[in-house]
Amino acid sequence: MLHSLLPASRVPLSKTYSHLTNTHWPGALTLLFPSSSLLPSITTASLSTVAIRMPSHPVARALIHYAGVPLAAPSANSSGRPSPTRADHVFKDLEGKVGLILDGGNCEIGLESTVLDCGEGTEESHQGADWRVLRPGGVTVESLETSVNALFGESEQSSTDSSRPKVLVWKKDFHDPDQEAAPRTPGMKYKHYTPGVPVYILTPCAQSLEQEKLPSPEEAILSLLDLKQESTSSCSPNQTSLSSSPAPVPASSTSSSSPSSFSVSLSTLPLHPKIGLMHYAPSPLSSLLTNPAHPLPFEIQSYPLGPRSQPDIAAQRLFAGLLELEAVGCEAIFVEEGLEEGVGRAVGERLGKAVGGKAGVIVKV
């Protein structure tokens, strides 16, 4: 079926794509191919490339089998909203807009597929082109690097070998103005995966020369609640800390701040607001904010993301947590930052989109 979608010049598949499809299909890897005249433009948004994946879920595979044709399907959610991981998420979001929902159970990974461009999305592709991850997902960078080693051999001189591709992640290892102006894959919008309430990232800091000048989690949350509608579009998507100014400021500015001057106005806040806290376990951040001996001026709705060392659990729970905390009436959702390794890279990327590129907040614990 795959060969029927491709231009004749791309059949059979290249050595690279043959390896990737044999290794990662069916599964959570989407590959970019050159589009064909056989494909309706509505399925490719009139772009020169098409993203193709073979899913591993038996219900999806059965649907493709009985349809007898390839399926073009966006994720089952309103544009910009968190992706659904259960059938009831789809029903709540799209009730009355779709005629049928196939319930295949909870999503195994919890995040969308990895989208990979190996330089074969055009007729002018060349051997050794870098592998560009346009969207991190269920297939990790580490797994793709293993595939590079399998295809090209492990080499200490890989950094200077022009025939050996590097695995690069969009927005971290490379930028592409053309891609940003006309994204070639879903999820590349700067703000995406966003519930109907503000989302903020908290980064606990236990060891720092500047720690005493950092706000406590309580101070940071109160400040952000007070300013939750203020635009932060001018902030770069790097971590920041809070000082005497209630708005996030660059971490380097903390040298002139003092914790004693930190102030928050509560005049605009609802009485004892409910906030969502998505945290790892165990976590000094959640321990501070859920300590019964230290009552807070807001109610904490806790949602654990699993052990910090197991980001695959956080991936499974991330979108469900955003949707559930919104559903129970939280004024805002605060998410503890995790590790940027393995599928944790994809978790961090989704969080960055959920907060609209706003800077995270470093807090002392």
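The values are calculated or read from the model by the stated rules, or taken from the named source; none is laboratory data. Everything numeric here is computed off the predicted structure, so don't read it as measured data. For neighbour counting, all protein chains shown are included, and Cβ atoms are generated from backbone atoms with ideal geometry for every residue, glycine included. These area figures cover heavy atoms from the full protein model, side chains too; ligands, DNA and RNA do not enter into them. Shrake-Rupley method; radii C 1.70, N 1.55, O 1.52, S 1.80 Å.
Of the conditions (1) surrounded by fewer than 15 Cβ atoms within 10 Å (Cβ to Cβ); (2) farther than 25 Å from I313 by Cβ, A51 fails just one. Which one is it?
For A51, the failing item is (1).
Please count how many residues of the stretch 102-116 are open to solvent by 60 Å² or more (accessible area, probe 1.4 Å) and over 18 Å from R350 (Cα atoms).
3
State the number of residues belonging to the stretch 5-16 that are without any contact (Cβ under 8 Å) to a residue 40 or more places away in the chain and loosely packed, with under 15 Cβ neighbours inside 10 Å.
The total comes to 3.
Quick one: in the stretch 318-364, which of the residues that are at pLDDT below 95 and β-branched (V, I, T) is nearest to K171 (Cα to Cα)?
Applying the filter and picking the extreme gives V355.
What tally of residues in the stretch 283-325 results from selecting those that are under 22 Å from L214 (Cα atoms), without any contact (Cβ under 8 Å) to a residue 60 or more places away in the chain and in a loop (DSSP other than H, G, I, E, B)?
Residues flagged as under 22 Å from L214 (Cα atoms), without any contact (Cβ under 8 Å) to a residue 60 or more places away in the chain and in a loop (DSSP other than H, G, I, E, B) within the stretch 283-325 amount to 4.
Select from the stretch 187-225 the residues that are modelled with pLDDT under 75 and either within 18 Å of K171 (Cβ to Cβ) or part of a helix (DSSP H, G or I) (or both) and list them in ascending order.
G187, M188, K189, Y190, K191, Q211, E212
Assess whether L296 counts as being in contact with a Lys or Arg (Cβ under 7 Å, 6 or more places away or on another chain) and aliphatic (A, V, I, L, M).
When the stated conditions are applied, L296 does not pass them.
Suppose we filter the stretch 262-282 for residues that are at pLDDT below 90 and open to solvent by less than 20 Å² (accessible area, probe 1.4 Å); how many remain?
Matching residues across the stretch 262-282 total 1.
Looking at the stretch 326-337, can you tell me whether even one residue there is part of a helix (DSSP H, G or I) and in contact (Cβ under 8 Å) with a residue 40 or more places away in the chain?
yes
How do the pairs read when you match residues in the stretch 351-363 that are assigned to a helix (DSSP H, G or I) with residues anywhere that are open to solvent by 10 Å² or more (accessible area, probe 1.4 Å) and modelled with pLDDT of 90 or more, using Cβ under 7 Å and keeping only pairs 6 or more apart or on different chains?
Matching pairs, first to second residue: L351/I201.
Per-residue answers, yes or no, for (1) within 27 Å of A28 (Cα to Cα); (2) within 17 Å of the chain's Cα centre (by Cα):
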residue: S309; (1), (2): yes, no
residue: D312; (1), (2): yes, yes
residue: L323; (1), (2): yes, yes
residue: C330; (1), (2): no, no
residue: F334; (1), (2): no, yes
residue: E340; (1), (2): yes, yes
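Right, E340: within 16 Å of V199 (Cβ to Cβ) and of a type in the set (D, E, K, R) or not?
no
Within the stretch 71-95, restricting attention to residues that are surrounded by fewer than 16 Cβ atoms within 10 Å (Cβ to Cβ) and touching a residue at least 60 places away in the same chain (Cβ under 8 Å), which residue is nearest to V355 (Cα to Cα)?
G80
Answer with yes or no whether H19 is within 18 Å of E112 (Cβ to Cβ) and open to solvent by 30 Å² or more (accessible area, probe 1.4 Å).
no
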